[in-house]
Amino acid sequence: MPGNYLQLHFIVILLGFTAILGALITLPAINLVWYRMLIAFVGLWAYFLLRKIPFQLKAKQIWPLLGIGVVVALHWITFFHAIKVSNVSVTLGVFASTTLFTSFLEPLSQKRRIFWLEVLIGIIILGGIYLIFQYEFQYLEGILYALLSALLNGLFVVLNRNISNRHHPTVISFYEMIGGFLFISVFLLFSGDFNPAFFSLSQPDIFYLLVLGLICTAYAFAAIVHVMKVLSAYTVVLSINLEPVYGIIMAHFFFPEAEQMSAGFYAGTLIIILSVFAYPVLKRKIMYKDVDLVNR
């Protein structure tokens, strides 16, 4: 069991490290994501062959996954663009607001009333974002793109949750990577950006892209499926909330000068992260309390 907890946190560190790689890779965000999705789905395909996992689906099952892949592509493009125009700390601090968007999108998707706790946590998170805006206004473009990325990620989480019980999670990821890759390819084809310069990569970029696509994406996606078979979904979700924490800490080691932020930024980020952690804990306690009252 301790080994599974260590593996889970290693996966979360890898997820946080994607932001570091986004800053290290010199490519524009859309080029970066195209390569990431290409490497990831090839890596997952190789994983299926090695593990002899069946991944063939019917056409009507594949289309929704390809559509969600477009959402993933847009989420990653806006995420990495936010890093390019601001820095890792700002992007991850604001991106932690994914819980805010998920808490409102999920009730709409499931056609249920919004839980009062979701509203309260949402207001607190908005307060944290407001603080970041106030003290880091020079990163306005990055903050806005990080917010858009958080919204798209919230939409991805809700859409994925609605189909997660129909197929193997890694198979879902495989087809989503293909969907995003094809979407970006069509866009680049019509925009005329597929040219020799697009495929001219520096050696450091090639190395970082392979780490991003194979280790931080293909491996992380496959490994988290294994961990979820042993640990509870609650434990996994709570641990994944550490992604911005790990990412911001790593950013200070990799980019010590570029990542020096104001006290207001850290106060706003702390409010957001604490809210993200508090939400599942409080929700679980309230649900247990309600069940206990019903049983009485």
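The values are calculated or read from the model by the stated rules, or taken from the named source; none is laboratory data. None of the values given here were measured: they were computed from a predicted structure. Don't worry about glycine lacking a Cβ; one is built from the backbone with ideal geometry, like all the others, and counts go over all protein chains shown.
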Quiz item: In this structure, is Ile129 within 29 Å of Ala263 (Cβ to Cβ) and outside any loop (DSSP other than H, G, I, E, B)?
Solution: yes
Quiz item: Taking Phe207 and the conditions (1) at pLDDT below 90; (2) part of a helix (DSSP H, G or I); (3) not β-branched (Val, Ile, Thr), which numbered condition does it fall short on, given that it satisfies the others?
Solution: (1)
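One line per residue, one yes/no per condition, for (1) surrounded by fewer than 20 Cβ atoms within 10 Å (Cβ to Cβ); (2) touching a residue at least 40 places away in the same chain (Cβ under 8 Å); (3) in contact with an Asp or Glu (Cβ under 9 Å, 6 or more places away or on another chain); (4) hydrophobic (A, V, I, L, M, F, W, C):
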site: Phe174; (1), (2), (3), (4): no, yes, no, yes
site: Ser185; (1), (2), (3), (4): yes, yes, no, no
site: Leu189; (1), (2), (3), (4): yes, no, no, yes
site: Asp205; (1), (2), (3), (4): yes, yes, no, no
site: Leu210; (1), (2), (3), (4): yes, yes, no, yes
Practice problem: Output the residues belonging to the stretch 114-134 that are surrounded by fewer than 15 Cβ atoms within 10 Å (Cβ to Cβ), closer than 19 Å to Lys285 by Cα and not aliphatic (A, V, I, L, M). | Solution: Trp116
Quiz item: Could you say which residue among Gln56, Gln61 is more than 20 Å from the chain's Cα centre (by Cα), among the polar types (S, T, N, Q) and in a helix (DSSP H, G or I)?
Solution: Gln61
Practice problem: Tell me which residues, restricted to the stretch 96-121, are over 14 Å from the mean Cα position of the chain (by Cα) and β-branched (Val, Ile, Thr). | Solution: Ile114, Val119, Ile121
Practice problem: Only residues that are part of a helix (DSSP H, G or I) and among the hydrophobic types (A, V, I, L, M, F, W, C): list them for the stretch 173-201, please. | Solution: Phe174, Met177, Ile178, Phe181, Leu182, Phe183, Ile184, Val186, Phe187, Leu188, Leu189, Phe190
Quiz prompt | Pairs, first within 18 Å of Ile224 (Cβ to Cβ) in the stretch 41-59, second surrounded by fewer than 16 Cβ atoms within 10 Å (Cβ to Cβ) and modelled with pLDDT of 90 or more, C-beta under 8 Å, six or more apart | solution = Phe55/Trp45
Quiz item: Is it the case that Arg51 is of a type outside the set (Val, Ile, Thr), modelled with pLDDT of 95 or more and within 22 Å of Phe221 (Cα to Cα)?
Solution: no
